[in-house]
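*Asks:* Starting off with a structure, shown below.
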């Protein structure tokens, strides 16, 4: 079963009281892929990650990592999965070296040299207590713990939230090095779109518990454009243009976020007594914000 | 191996591999990269730029398919014959034409008016008179 995807989620739904946190998620992460999950706060990213890690049991739908159910076989899944979260809990009373020895006892694949080399790259002092480290150093220490057993899968949940630019860059560099040297599969959620654009090959966008877009990043960037229109008459409300993902502007000038061939808009635009005054590729942030806000600005 | 001053700008709207292709072509055109010179390996460039290695691999692959770069087994990727009439350049030209046509349409220029403008600019560039 070497061709089995690393992560396979089918029809995953989850409700917390009146809140539909996840509404039927399907996603597949193939071996060696760096997969970025985008979504606003509250879109369901962390709920999804908790299902992947077996911290929540799938009530509807299925979750498989390496073909296994992370709830019924947590050891098989967690021994192969490195995990880094925002504000990761680390035992503050422990020294870093003691913490790494503690992890080493759990993971048969622990690579002591790699742990030492990562600590060196990050400028971490092994004799420091974890509780005395800065937020950035704690995140670096947690990443050492997540990478040093050379996991098949690395899951990062908002890894760089609240970190300074240097710490963010250190984290990204270490993740890229592990992708380059080990072909590691990475699943990460982030709202830092530049970061996602740098390292992800495939991007999914989660909105109110549903995946509204899931495609290779190059395809997302190639298929979305911003189309600027000049209307003959001022428009007092956003013009109704079916198919536009987002529309913003005022008076005679309006700009649409469109998906697919921008030439397909010519006829409709002419019919609305407008003409195209500009066309450029949309950046990932524009795609994300446009789709998140929808057709009502 | 030649060090290359390359950078990527996420958020620009163009996929990062396209940005790399344009910069490598520009380095060849400016003479900073010469035929026969070796480029950084995919891994090294991915680490230098902190981007996904497949992005670098795709840029190299497209430039190889265009004949701009050539890979030799076990020794790396090299500049082939400089910037010739290659597929990558063809695509750049096609993109530029699309932009010109969009701008012309926005200005309401018809085909004759547009051709006249292009011809006038061509003559300016040939004769070195400033536009």
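*Asks:* Using Cα atoms only, what is the angle between the long axis of helix B:111-127 and the major principal axis of chain B, expressed in degrees (0 to 90) to the nearest 10?
*Replies:* The helix B:111-127 is inclined about 60 degrees to chain B.
*Asks:* Report, for the protein assembly as shown, the % of DSSP beta bridges that are antiparallel, rounded to 5.
*Replies:* 70 percent
*Asks:* How big is the shadow of the Cα convex hull of region A:190-297, averaged over all directions, in nm²?
*Replies:* Taking a quarter of the hull surface, the average projection is 6.8 nm².
*Asks:* Hey, fewest Cβ within 10 Å first, where do A:79, A:72 land in order?
*Replies:* Ascending Cβ contact count within 10 Å gives the list A:72, A:79.
*Asks:* Here is a further query. Rounded to the nearest 0.05, what FRET efficiency is calculated for residue B:65 and residue A:93 with R0 set to 60 Å and r the Cβ-Cβ distance?
*Replies:* 0.55
*Asks:* Over all residues in A:207-217, what is the mean tally of Cβ atoms on other chains that come within 10 Å of each residue's Cβ?
*Replies:* 1
*Asks:* Taking the beta-carbon count within 10 Å as an exposure proxy, list A:59, A:275 from fewest neighbours to most.
*Replies:* Least to most surrounded, the residues fall as A:59, A:275.
*Asks:* Still on this structure, I have one more. Expressed as an acute angle from 0 to 90° and rounded to the nearest 10, what is the orientation of the C-alpha long axis of helix A:112-122 relative to the principal long axis of chain A?
*Replies:* With both axes taken from Cα atoms, the answer is about 50 degrees.
*Asks:* Once Rh is set to the Kirkwood radius over Cα pairs, what Stokes-Einstein translational diffusion coefficient, in µm²/s, holds for region A:133-274 at a temperature of 10 °C and a viscosity of 1.306 mPa s?
*Replies:* Estimated diffusion coefficient is 87 µm²/s.
*Asks:* With the alpha-carbon atoms as the only input, what is the per residue convex hull volume for region A:6-127 in Å³?
*Replies:* 149 Å³
*Asks:* Let's test this: bin the Cα-Cα distances of region A:44-90 at 10 Å from zero up to the farthest pair and state each bin's percent.
*Replies:* Pairs per bin, as whole percents: 26, 55, 19, 0.
*Asks:* Also, quick follow-up: Taking chain A as a Gaussian network, where each spring joins two C-alpha atoms under 10 Å apart, which residue of A:26, A:261, A:218 fluctuates the most?
*Replies:* So, out of A:26, A:261, A:218, the one fluctuating most is A:261.
*Asks:* Just to be sure I understand: if I project the alpha-carbon convex hull of region A:146-230 onto a plane and average over all orientations, what area do I get in nm²?
*Replies:* 7.8 nm²
*Asks:* Another question about this same structure. Restricting to region A:69-204, what percent of DSSP beta bridges are antiparallel, rounded to 5?
*Replies:* Percent antiparallel among DSSP bridges in region A:69-204 is about 10.
*Asks:* Give the Rg (one decimal place) followed by the Dmax (whole number) of chain A, computed from C-alpha coordinates and expressed in Å.
*Replies:* When restricted to Cα atoms, chain A yields Rg and Dmax of 22.3, 72 Å.
*Asks:* Over region B:1-80, what per residue volume does the convex hull of the Cα atoms give, in whole Å³?
*Replies:* 86 Å³
*Asks:* Quick one: helix B:87-107 against the long Cα principal axis of chain B, what's the angle to the nearest 10°, folded into 0 to 90?
*Replies:* Orientation of helix B:87-107: about 30 degrees from the principal axis.
*Asks:* Measuring from label point to label point, each 7 Å out along Cα→Cβ, what is the residue A:105 to residue A:230 span in nm?
*Replies:* 7.4 nm
*Asks:* Hey, another quick one. Cut-off is 10 Å between beta-carbons; in what order do A:196, B:123 appear when sorted fewest neighbours first?
*Replies:* By the 10 Å Cβ count, ascending, the order reads B:123, A:196.
*Asks:* While we're looking at this one, here's another question. For B:100-111, what's the mean count of beta carbons from other chains sitting within 10 Å of each residue's beta carbon?
*Replies:* Neighbouring Cβ atoms belonging to other protein chains average 2 per residue here.
*Asks:* When you have a sec, figure out the Kirkwood radius of region A:89-154 from all distinct Cα pair distances and drop it here in Å to one decimal?
*Replies:* Averaging 1/r across every pair of different Cα atoms and inverting gives 11.7 Å.
*Asks:* Would you calculate a helix-derived [θ] at 222 nm for chain A, using -39,500 (n - 2.57) for each DSSP H run of n ≥ 4 and dividing by the full residue count, to the nearest 500?
*Replies:* -9500 deg cm²/dmol, from helical runs alone.
*Asks:* Based on the alpha-carbon gyration tensor of region A:89-200 and its eigenvalue square roots a ≥ b ≥ c, which shape applies: rounded if a/c is under 1.5, prolate if not and a/b is larger than b/c, or oblate?
*Replies:* oblate
Laboratory data are not the source of any read-out in this text; all were calculated from the coordinates shown. Predicted model, so just to flag it, every value in this text is computed and none were measured. Every residue, glycine as well, gets a Cβ built from its backbone with ideal geometry; the counts of neighbours run over all protein chains shown.
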